[in-house]
1. Where residues in the range 229-284 are among the small types (Gly, Ala, Ser) and within 16 Å of Gly311 (Cα to Cα), which of them is surrounded by the most Cβ atoms within 10 Å (Cβ to Cβ)?
2. Just to check your reading of the model, which residue among Arg20, Arg2, Arg74 is modelled with pLDDT of 95 or more and exposed (fewer than 12 other Cβ atoms within 10 Å of the Cβ)?
3. Looking at (1) over 27 Å from Ile80 (Cβ atoms); (2) touching a Pro at 6+ places or on another chain (Cβ under 9 Å); (3) polar (S, T, N, Q), can you tell me which one Thr131 breaks?
4. Can you name every residue in the range 133-151 that is under 15 Å from Ala238 (Cβ atoms) and outside any helix (DSSP H, G or I)?
5. Would you call Glu182 in contact (Cβ under 8 Å) with a residue 12 or more places away in the chain, surrounded by fewer than 18 Cβ atoms within 10 Å (Cβ to Cβ) and touching a Pro at 6+ places or on another chain (Cβ under 9 Å)?
6. Which condition number does Pro137 fail, the rest of (1) surrounded by fewer than 23 Cβ atoms within 10 Å (Cβ to Cβ); (2) under 15 Å from Val245 (Cα atoms); (3) touching a helix residue (DSSP H, G or I) at 6+ places or on another chain (Cβ under 7 Å) being met?
7. Of the numbered conditions (1) in contact with a helix residue (DSSP H, G or I) (Cβ under 9 Å, 6 or more places away or on another chain); (2) among the hydrophobic types (A, V, I, L, M, F, W, C); (3) outside any helix (DSSP H, G or I), Val104 fails exactly one; give the number of that condition.
8. Starting from residues that are farther than 16 Å from Arg218 by Cβ and among the charged types (D, E, K, R), keep the ones in the range 308-328 and report whichever is modelled with the lowest pLDDT.
Amino acid sequence: MRNESSGNTRQYAELVATRRPGKASAERAPISKICSKDIERTIQTAVDVSIIVPMHASEAQLLSACLIASLAQRFERGRIEVIVVQFGGGASPPIAHDPERVRVLAVDHPTPYAARNVGAAVATGEVFLFTEPGCLPDPEWVAAHVERLTNGSATISVGHVAPERSTRAVDLLLSYENVRDEWVFTSSRWQSYFGRPRNMAITRRRFASHGPFVEVPRGADSTFVQRVARELSCEEIALTPPAIVRLQGIHGLPSFLRDRFNHAHLLQKHQSGHAAPVMLADRVGLFREAVRRHHYGPLQAATLLTVLGAGILTFRAGGWSGVVARRTRGEPRLPG
């Protein structure tokens, strides 16, 4: 296994300023057989992408399925490279990969955002896509993000995260969250915006202007998104529901809520940045909109209200446990 190392993630700005995008590997027809309009269209639409996956040694068993899904994308507009960056030290686990399409790097830093920065510093694509080892991108994942970022003013695309196998209860809960996400990403309140480290894409030029990520354990993606929205425009950030990744091992409501608990726990444990909470009055309005949009009857609406309440309580319980863990262990917050 080829395993490269990068010891100084702070040199990102210099590296990205001097690096040029890689050439698309798609074969072209002879120029003599292509009319001028076809040449112009090819130049305009060719987009190489870099998929960046931070990995802790303990997550190695989840990586194989993620790599298979990442390399099986239906994307013909350019070249796809995958960059895996191990963080947190430890022995490098064996990773089966195609050395022509997958690079394996390492960084001696305890946070995944340091790994993302290292990956971005060596990436050759015009679009950086970020996901994690436990995620399975749908076949149209790359194409959906690239379509969003090349048609309009958005430079950041936030995708949808779904369970590997859903149930009716999870679908009900997600029907509300999809309405909430649409409401957030069409508002002009930058404090409400958030990122998704499991599923988001950023153009090279925007990462160069507002990156790298702050190297903290959690929440640097939301901090990055909010900074762009505040300093430039909320129109720079777009929600892209067709860009879907699925979480390995999430097969129903119990495992779905357990994942939410763990997420809230780590956010509070590390005092991480996150989006402003949705106020109760807004939650009520979003609930009503979800019921109206999906034509839910009384029973379905009551079920949605129940699972929504369970989700809120689970998230708060996870946050409380994170606060307790931080105070008990006296763990300092990392700088940034």
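The values are calculated or read from the model by the stated rules, or taken from the named source; none is laboratory data. Owing to the predicted nature of the structure, the values given are computational and were not obtained by experimental measurement. In this analysis, Cβ positions are derived from the backbone assuming ideal geometry, glycine residues included, and neighbour counts consider all displayed protein chains.
1. So the residue we want is Ala264.
2. Arg74
3. Going through (1) over 27 Å from Ile80 (Cβ atoms); (2) touching a Pro at 6+ places or on another chain (Cβ under 9 Å); (3) polar (S, T, N, Q) one by one, Thr131 breaks only (1).
4. Within the range 133-151, Asn151 is the sole residue that qualifies.
5. Yes; evaluated as a whole, the condition is true for this residue.
6. Here Pro137 meets the rest and fails (1).
7. (1)
8. Arg327
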